[in-house]
Amino acid sequence: MSSMSISAVRSAKKALRSSMTKSLRNLTQAELQTQSEAIVGKVVALPAFQRAKTISCYLSMPTAEVQTMALVSTILADTGKKLFVPSLTSKDGVMDFVRLYDDGDLRTLPTGLWGIPEPTTEWGDGKRQSGMYAM
């Protein structure tokens with residue numbers, strides 16, 4: 001790929017991000033909630049989701065993106081599934097996926113800069129399980 005085409009791809013990605021941001025800002029909270037519920041319904045109906053024992057899901061910002069809390073709660077309520085969520089707990093900015101254990105755990109997570117619940121490295125009397133060792 002030439003540097004010209006890489007530049008064109010970067011420019012197109014930037015324009016797409018800008019367009020998506022504008023579209024998301026124009027959604028009402030009710031529209032966002034309706035669309036989020038529809039997405040959750042489709043995800044939990046997937047055979048792959050139903051068979052999965054280990055699932056990764058992001059914890060959503062309060063606005064401007066698909067709301068994942070209903071999906072997260074569904075996963076946590078299923079004792080046959082383990083949920084891993086993104087975590088930027090290291091000082092060098094490396095992202096890990098750490099286990100979220102139950103609804104009580106979710107409710108006690110501190111809220112970060114963007115209003116997103118952020119898991120700490122500790123849970124109970126020990127460390128959270130890392131997604132790197134979940135299999």
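Return the only residue of Thr74, Thr111 being at pLDDT 95 or above and among the hydroxyl-bearing types (Ser, Thr, Tyr). I'd like the intermediate steps shown before the answer.
Details: Thr111 fails: at pLDDT 95 or above.
Just one listed residue meets the conditions, Thr74.
Can you pull out the residues in the range 110-135 that are surrounded by fewer than 16 Cβ atoms within 10 Å (Cβ to Cβ), free of Cβ contacts under 8 Å to residues at least 60 places away in the same chain and part of a loop (DSSP other than H, G, I, E, B)?
Pro110, Gly112, Leu113, Trp114, Gly115, Thr120, Thr121, Gly124, Asp125
Quick one: Gln50 ticks every box in (1) open to solvent by 70 Å² or more (accessible area, probe 1.4 Å); (2) over 26 Å from Arg107 (Cβ atoms) bar one, so which box is it?
Failed condition: (2).
Looking for whichever is acidic (Asp, Glu) and in contact with a Phe, Trp or Tyr (Cβ under 7 Å, 6 or more places away or on another chain) here; the options are Asp105, Asp78, Asp92, Asp96. Which one fits? So that I can check it myself, show each step before the final result.
Working: Asp78 fails: in contact with a Phe, Trp or Tyr (Cβ under 7 Å, 6 or more places away or on another chain); Asp92 fails: in contact with a Phe, Trp or Tyr (Cβ under 7 Å, 6 or more places away or on another chain); Asp96 fails: in contact with a Phe, Trp or Tyr (Cβ under 7 Å, 6 or more places away or on another chain).
Criteria check complete, one pass: Asp105.
Just one of (1) open to solvent by less than 50 Å² (accessible area, probe 1.4 Å); (2) under 16 Å from Arg128 (Cβ atoms); (3) assigned to a loop (DSSP other than H, G, I, E, B) trips up Leu106, so point out which.
Status for Leu106: all satisfied but (3).
Is it the case that the range 41-53 has a residue that's in contact with a Ser or Thr (Cβ under 7 Å, 6 or more places away or on another chain), of a type outside the set (S, T, N, Q), in a loop (DSSP other than H, G, I, E, B) and closer than 27 Å to Leu88 by Cα?
The answer is no, given that none of the residues of the range 41-53 is in contact with a Ser or Thr (Cβ under 7 Å, 6 or more places away or on another chain), of a type outside the set (S, T, N, Q), in a loop (DSSP other than H, G, I, E, B) and closer than 27 Å to Leu88 by Cα.
If you go through the range 5-30, how many residues are of a type in the set (Ser, Thr, Tyr) and closer than 16 Å to Ser60 by Cβ? Can you show your working first?
Of the residues in the range 5-30, the ones of a type in the set (Ser, Thr, Tyr) are 5, 7, 11, 18-19, 21, 23, 28.
So of that shortlist, the ones also closer than 16 Å to Ser60 by Cβ come out as 21.
Here the count works out to 1.
Do we find that Ala64 is open to solvent by less than 80 Å² (accessible area, probe 1.4 Å), touching a helix residue (DSSP H, G or I) at 6+ places or on another chain (Cβ under 6 Å) and at positive phi in this structure?
Details: open to solvent by less than 80 Å² (accessible area, probe 1.4 Å): yes; touching a helix residue (DSSP H, G or I) at 6+ places or on another chain (Cβ under 6 Å): yes; at positive phi: yes.
For Ala64, the condition - open to solvent by less than 80 Å² (accessible area, probe 1.4 Å), touching a helix residue (DSSP H, G or I) at 6+ places or on another chain (Cβ under 6 Å) and at positive phi - is met.
I'd like to know if the range 2-11 contains one or more residues that are of a type in the set (Ser, Thr, Tyr) and surrounded by 11 or more Cβ atoms within 10 Å (Cβ to Cβ).
So the first thing to find is which residues in the range 2-11 are of a type in the set (Ser, Thr, Tyr), and the list is 2-3, 5, 7, 11.
Restricting the remaining residues to those that are surrounded by 11 or more Cβ atoms within 10 Å (Cβ to Cβ) gives none.
Within the range 2-11, none of the residues are of a type in the set (Ser, Thr, Tyr) and surrounded by 11 or more Cβ atoms within 10 Å (Cβ to Cβ).
The values are calculated or read from the model by the stated rules, or taken from the named source; none is laboratory data. The structure presented is a predicted model; accordingly, all values stated were derived computationally and were not measured. No Cβ is skipped: glycine too gets one built from the backbone with ideal geometry, and neighbour counts run over all protein chains shown. Please note that ligands, DNA and RNA were not included when accessible areas were found on the heavy atoms of the full protein model with its side chains. Shrake-Rupley method; radii C 1.70, N 1.55, O 1.52, S 1.80 Å.
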